[in-house]
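Read through the structure below, which is laid out as structure tokens, and then see the notes.
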Amino acid sequence: MNAITPIIVTLDFLEFPPRNTCRGEDRSPALNIKNLDAQSVAIMVFNPFIKSCCSFTPWIIWNIPPLSRIPEGFPKEPQVLKPVQAVQGINDYGTIGYHGPCPPDGEMHRYQFRVYALDTMLDLPPGSTKDDLIKAMRGHVVQYGETVALAR
């Protein structure tokens, strides 16, 4: 089995600015990726602090071109053409697209951005679920990286 070469993933912040939260514009943030060598990128965001479950997912997106900077501001649509072409699925809120952090007053939550570099574009329809995305990625992940940010 070949070892997966790590990628370096960073955000432009350590704590979410209002524009990337439910209290602001609710815009998906930009992600910086170094050492990327893939055909496409998939992103899953997790909030492990939701008390009702173990891993709440407010955003899944795939078939992003392999860019060193994934731009911010993806519209809440299943098939995206701008800012770059991509496909989005149903998040754990039951909606399509990015849903920014919205922890209760006085709480701080940590959001994990997991970035998967793939050897193909996925044949997965818009509006698919997190489980569908995980199944479709099996055998296609060639690199992986993650970063975290805090929200209050």
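Data for the structure
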item: Distant-in-sequence amide H partners of Val142 (H built 1.01 Å from N, under 5 Å); result: Ala117, Leu118, Asp119
item: Straight-distance crosslink candidates among aspartates and glutamates, where the alpha carbon sits under 19 Å from Lys34 and sequence neighbours closer than 8 are dropped; result: Asp12, Glu72, Asp119, Glu146
item: Share of pairwise Cα separations in the chain, more than 19 Å, in percent; result: 49 percent
item: Mean Cα-pair separation over length for the chain, i.e. relative contact order, pairs under 8 Å, 6 or more apart, %; result: 30 percent
item: Label-point separation, Thr129 to Glu15 (7 Å along Cα→Cβ), nm; result: 3.6 nm
item: Fully extended contour minus Cα-Cα distance, from Val141 to Gln112, at 0.36 nm per residue; result: 8.6 nm
item: Potential lengthening between Leu150 and Ser55 on full extension [0.36 nm per residue; Cα-Cα distance subtracted]; result: 32.7 nm
item: MRE, 222 nm, helices only [DSSP H, n ≥ 4, -39500 (n - 2.57), over the chain, to nearest 500]; result: -1500 deg cm²/dmol
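Readers should treat all values here as calculations from the given coordinates under stated rules, not as data from a laboratory. Values in this document were obtained by computation on a predicted structure and should not be read as measured data. Here the Cβ is made from the backbone with ideal geometry for all residues, glycine too, and neighbour counts use every protein chain on show.
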